[in-house]
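A quick write-up on the structure given underneath.
The values are calculated or read from the model by the stated rules, or taken from the named source; none is laboratory data. None of the values given here were measured: they were computed from a predicted structure. Backbone-built Cβ (ideal geometry, glycine too); neighbour counts: all protein chains shown. To get the accessible areas, we keep the full protein, side chains included, count just its heavy atoms, and leave off ligands, DNA and RNA. Shrake-Rupley method; radii C 1.70, N 1.55, O 1.52, S 1.80 Å.
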Amino acid sequence: MNFEAFFETELDKLKDAGNYRVFADLERHKGGFPKATRYGEDGETSEVTVWCSNDYLGMGQHPTTVAAMKEAIDKCGAGAGGTRNISGTNHYHILLEEELADLHNKEAALMLTSGYVANWAALGTLASRIPGCEIFSDSDNHASMIEGIRHSRAPKHLWKHNDPADLDRMLSEADPDVPKLVAFESVYSMDGDICPMKEILDICDKHGAMSYLDEVHAVGLYGPRGGGIAEREGLMDRVTVIQGTLGKAYGVMGGYITASTALIDFVRSFASGFIFSTALPPALAAGATASIRHLKSSEMERARQRKNVRILRERLDAIGLPHMMNESHIVPVMVGDAKKCKFISDLLLDQHGIYVQPINYPTVPKGTERLRITPGPLHTEADIDHLVGALSELWSQCALSRAVA
């Protein structure tokens, strides 16, 4: 087999369909979020405004976060030195896990290298190690949850997205003596919709099922201390496992789970994705701890973000650009065509200094291609007006339909 020819042919198929991913070469400006320097292929540089960052509140640039990381590097050096079991547990890791357990009002927490790994390791371990366990997964769950479930080899059942009645039906049809785990998310990252959490937990309680809640797009952003949708709704005590990330609203890197002491110790003791991974550098743990502590007491970042989300939606409505309505901070501007979506994204970057990554298949279904915009607290009204003006111009250029006022 000509392997190189195969690789090139498959890549050409992606390019022809408009689904080939191109990385923007950016250098973020410390203290200047959301501005960044873009490096072009010709070596030229230009300033851009980032509109699709998962650093939702700019905490990756916050002086508190940066100072904590610098202090930890000065104290401990760069890396952790090993896995958590073999010399890699630094005091900063312990402090972070205590902070995370407090954030979610749980007995214990476990830090992993990413949100993806946290889902893969925790779900894979729980479902494979609990005898006879069956998983009931929301049909729109993230790839990391899907991979964890697949890795467990446990029987799985997909219930209709955000449909408690369908979940109830499936659980009612299952063997009442079989251990059950219900996996779902609070904020779904592509559509920005929020789950009916209380109703889902009511059904879990009704059938004696464990609940596994992914809050990666909610921690730091919702609730009086940033504990997520479960905190906002007063439901944290009813969730068996709350999983989150340190790489989005907290602006650093890493993933985690929080739960009872016994469950956390169980995953710690059996999850290969935790046991055999080098621990995160102490500086990352220190930065995440500082970011979490700041957002537990500061509402300013969340309030400014909500204001900018509202202003952007109002501006889009005023010119008839279709955007998916939801209750969250995520604003999906719907294009519906992969090639046009990438074309608009390219021109926004090249001609207007605006960076918004196109979201195409397989991340979203074909025909629902979009620009996923995430307004932050440090975007200005001038930034918003510039974005909306550029989108309006390109919308007309691509002959895309507008909403009728």
Worksheet item: Taking residue 316, is it more than 19 Å from residue 33 (Cβ to Cβ), part of a helix (DSSP H, G or I), out of contact with any strand residue (DSSP E or B) (no Cβ under 9 Å at 6 or more places or on another chain) and not small (Gly, Ala, Ser)?
Response: no
Worksheet item: Between a first residue in the stretch 312-332 that is more than 13 Å from residue 372 (Cβ to Cβ) and a second residue that is surrounded by fewer than 14 Cβ atoms within 10 Å (Cβ to Cβ) and among the hydroxyl-bearing types (Ser, Thr, Tyr), which pairs have beta carbons less than 6 Å apart while being 6 or more apart in sequence or on different chains?
Response: none
Worksheet item: Is there a residue in the stretch 259-274 that is more than 21 Å from residue 104 (Cα to Cα), assigned to a loop (DSSP other than H, G, I, E, B) and either hydroxyl-bearing (Ser, Thr, Tyr) or touching a residue at least 12 places away in the same chain (Cβ under 8 Å) (or both)?
Response: yes
Discussion item. Please pick out the residue among 130, 146, 135, 203 that is modelled with pLDDT of 95 or more, farther than 22 Å from residue 256 by Cβ and of a type in the set (Val, Ile, Thr).
Written reply: 203
Practice prompt. Working only within the stretch 362-397, note down all residues that are assigned to a loop (DSSP other than H, G, I, E, B) and surrounded by 15 or more Cβ atoms within 10 Å (Cβ to Cβ).
Written response: 363, 364, 368, 369, 374, 375, 376, 377, 378, 379
Practice prompt. Residue by residue through the stretch 144-173, note down the ones that are aliphatic (A, V, I, L, M) and surrounded by fewer than 16 Cβ atoms within 10 Å (Cβ to Cβ).
Written response: 165
Worksheet, complete the sentence: Flagged pairs (Cβ under 6 angstrom, 6 or more apart or on separate chains; first in the stretch 50-70, crowded, with 22+ Cβ neighbours inside 10 Å; second charged (D, E, K, R) and part of a helix (DSSP H, G or I)) are 57/301
Discussion item. I'd like to check something: does the stretch 258-266 contain any residue that is farther than 23 Å from residue 184 by Cβ and open to solvent by 10 Å² or more (accessible area, probe 1.4 Å)?
Written reply: yes
